[in-house]
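The block underneath contains the structure these notes are about, expressed in structure tokens.
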Amino acid sequence: MSILSILIMCLTTTATWGQMYSEPNTKWPYIYENFTEGTIYSENGRKSTSELNIHLQGNVLHYVNQGHIYESKERGVIRVEIGSDAYIYSNNRLVRILAAEGTSLLVELRRGDFDAMRSGSGAYGASLNSSASRDLSSLSLGGLDNPDIGRLQLERNDGASIPMVTDYFFIVGGIEAPATKKGVESLIGKDRAAEWKQFLKEHKIKWKKEDSLRQVLKFL
């Protein structure tokens, strides 16, 4: 079975955020509240399983091996499953697949708004002080030498909250574009401009609503 066939087949998965939680923090800067059994699919046909999570510094994959946390540096990964959620890499970040039409995708990127924390503006009620900065760097890329997951779990409620941001993207023909009016126009070109204009007249698209974005994906 070809790589493309495997990917298309897997894209029909209904994704839910199982163990997602609303307030990751600098002691536990992960999308999921716990490391969850998952599968990594590689383009060479290899499949491996482990307890997985996504670190918010760069949205990279971490896994557990013999009680310690490692960053996955495996190349040629075409898909990652964590629980019932499915991810692919786009621009070196793991994005969650929300919907597929053929090989065109609607994906979601959940990321930490570290700039807001560093600004100390108080918009989120917290700033990234020196202690919080140390917490984050301890698990950032190339940080601690494979930290013990048990110790981190004991301390994970002691960090500063990380505000979360959700961005949506379309991926068409392998090209990623923001899920915005301008982003769509960059994908369709001038030859479909009239058709696009008519579509917008007939549909009241709300660019932060998943249902609306699924309608746009069907147009694409």
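Of all GluC sites (Glu not before Pro) in the range 32-93, which ones are in loop regions per DSSP and have a Cβ with at most 15 other Cβ atoms within 10 Å?
Working: sites: E33, E37, E43, E51, E71, E74, E81; in loops: E33, E43, E74.
In loop regions of the range 32-93 (DSSP not H, G, I, E or B), the sparsely surrounded GluC sites (Glu not before Pro) are E43, E74.
Give the order of W28, W207, W196 when sorted by the count of other beta carbons within 10 angstrom, beginning with the fewest.
Going from sparsest to densest Cβ surroundings: W207, W196, W28.
Ranking M117, M164 by Cβ neighbours within 10 Å, fewest first, what do you get?
M164, M117
If amide H atoms are built 1.01 Å from N in the plane of the peptide, which residues on other chains or at least 5 residues away come under 5 Å of the amide H of K27?
G159, A160
Which cross-chain or sequence-distant (5 or more) residues have an amide H under 5 Å from the amide H of S72, H modelled 1.01 Å from N in plane?
L61, H62, Y63
Hey, which lysines would be in cross-link range of K190, C-alpha to C-alpha under 18 Å, not counting anything within fewer than 8 residues on its own chain?
K181, K182, K201
For the pair K190/N92, report the inter-label distance in nm, with labels modelled 7 Å from Cα in the Cβ direction.
3.5 nm
Relative to the present Cα-Cα distance, how much length would full extension add between Q215 and T49 at 0.36 nm per residue of separation?
That pair, Q215 and T49, stretches by 56.3 nm at full extension.
Just tell me which aspartates and glutamates come within less than 14 Å, Cα to Cα, of K206; anything on the same chain fewer than 8 places away is out.
D167
Looking at this model, which pairs from K27/K73; K47/K218; K197/K218; K27/K209; K27/K208 are more than 20 angstrom apart at the alpha-carbon?
Correct reply: K27/K73; K47/K218; K27/K209; K27/K208.
Throughout, read-outs are computed from the coordinates displayed, never taken from laboratory work. In this text, all values refer to a predicted model and were calculated from it rather than measured experimentally. Here Cβ is always computed from backbone atoms with ideal geometry, including for glycine, and neighbour counts include all displayed protein chains.
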